[in-house]
1. Tell me, what is the percent relative contact order of the chain, built from C-alpha pairs under 8 Å that lie six or more residues apart?
2. Find the lysine pairs in region 241-361 meeting two conditions, Cα atoms under 17 Å apart and a separation of 8 or more places or different chains, and report how many there are.
3. Mind running the shape call on region 134-195? Use the C-alpha gyration tensor, a ≥ b ≥ c as the square roots of the eigenvalues: rounded below 1.5 for a/c, prolate if a/b tops b/c, oblate otherwise.
4. Might you report the magnitude of the Cβ-based charge dipole of region 162-269 about its Cα centre, with Lys and Arg at +1 and Asp and Glu at -1, to the nearest 20 debye?
5. R0 = 35 Å: FRET efficiency of ARG358 with GLU35, Cβ-based, nearest 0.05?
6. Considering the dipole of region 119-220 built from charges on the beta carbon (Lys and Arg +1, Asp and Glu -1) around the Cα centre, which of MET172, SER199, THR129 is farthest to its positive end?
7. Express the relative contact order of region 1-113 as a whole percentage, based on alpha carbon pairs under 8 Å and six or more residues apart in sequence.
8. How large is ³J(HN,Hα), in whole Hz, for each residue of region 34-50 in order, when computed from phi with the Karplus curve 6.51 cos²θ - 1.76 cosθ + 1.60 and θ = phi - 60°, using x for Gly and Pro?
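No lab work stands behind these numbers, since they all come straight from the coordinates. Remember, it's a predicted structure, so these values are computed and weren't measured experimentally. Ideal geometry is used to build each Cβ from the backbone, glycine not excepted, and the neighbour counts take in all protein chains shown.
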Amino acid sequence: MRALVDQAMKDGAVGMSTGLIYLPGNFTKTEELIELAKVVSRHGGIYVSHMRSEAGEMFAAIEELIRIAREADLPAQISHIKLAGQANWGQTDKVLARIEKARAEGLDITQDQYMYPASSTGIQNRIPTWAREGGREKFRERMKDPKFRAKVVAEMKETLTKSGHKNFDYAMIAYYKHDTTLNGLNVMQAAKKVKGSDSLDAQIGMILEINAHGGASGVFHSMSEKDLIGYLKHPNTMVAADSGVRRWGHGIPHPRGYGNNARCLARFVRELGTLRMEDAIRRMTSLPAATFRLKDRGVLREGAWADMVVFDPEKVRDNATFTDPHHYATGFKRVFVNGEATVKDDKHTEARAGALVRRGQ
């Protein structure tokens, strides 16, 4: 694994990222991550992590990231920082204080976030990771054992209670290939439609059934906008969509794939005044370029790559919503990619001037 990381860094990777809340990353030991991060460090790269927890074990997850940064001697970035679950809301000051303490000790710790109080991942991730170890076929076999199933259901209920939610109405099905009629319904509504009951047991049964039939993407309304604003005010918080590529009209996905940065400019600059325009632009451009050591990007100056956006501060807006997400943002006069006009008056020109960006280039 060290050799693979070393080769990737030689090929121009900017660093190493981990998804420690997902399979199989959640089985990774901290010591293993430190050893791999040491290889990244030798090349001047960065460690980026979707941490092991964004809820009840948030502070333990931060400590792990800080330890990796310290022992491997490299910068570390927290991907899409948040506090998920009502029971964990209101702790942004405490989280940021711990990050600032690490920075005061000489560590380079930064963070990014998206502009919505809802996350997006697989519906099946509500099921304990230990139960899904080894893949879906093994999971199906294990679920035939009544004791195993009872243990899974009991832990799902316990985790739900700890999060501060009473049921799964906060979890919306974005795209379920097995039954697309459930797209846009929350788990409680889906259970009522499929099983004739919206009891908690029926909701858990619905989630288990979804996993058995290939899984589904979901949108989870488990965050507080007050917490979001608390993180956004911090000068080292970058704006990042955390979105996959969207297929037009496909499912009911999280709107961040269409409107994330426009939402920052419209809601948090123009409407709420959370950030000055200059600060918001910095969070999207020069700060991430400097953090990820992308040469001659993120700034407007002679000799830099001509990546530019021309927009109307009074008109720019996100038009995608959670219930109707397939709408492009508007208010953009021009978007230049490597000097070539890619958007004109909110319309794509069909130009494809993008290029592979390697570390230090």
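1. 14 percent
2. Details: LYS315/LYS333; LYS315/LYS344; LYS315/LYS347; LYS333/LYS344; LYS333/LYS347.
Final tally of qualifying lysine pairs is 5.
3. Working: a/c = 2.17, a/b = 1.21, b/c = 1.80.
Oblate is the answer for region 134-195, as a/c is 1.5 or above yet b/c matches or exceeds a/b.
4. Working: 13 positive and 8 negative charges, 59 e Å.
Dipole size: approximately 280 debye.
5. Numbers: r = 24 Å, r/R0 = 0.68.
Taking R0 as 35 Å, the efficiency between ARG358 and GLU35 is 0.90.
6. THR129
7. On the way: 167 pairs, mean separation 27.2, N = 113.
So the answer I get is 24 percent.
8. In residue order, the calculated couplings are 4, 5, 6, 5, 4, 5, 4, 4, 4, 9, x, x, 10, 9, 10, 9, 7 Hz.
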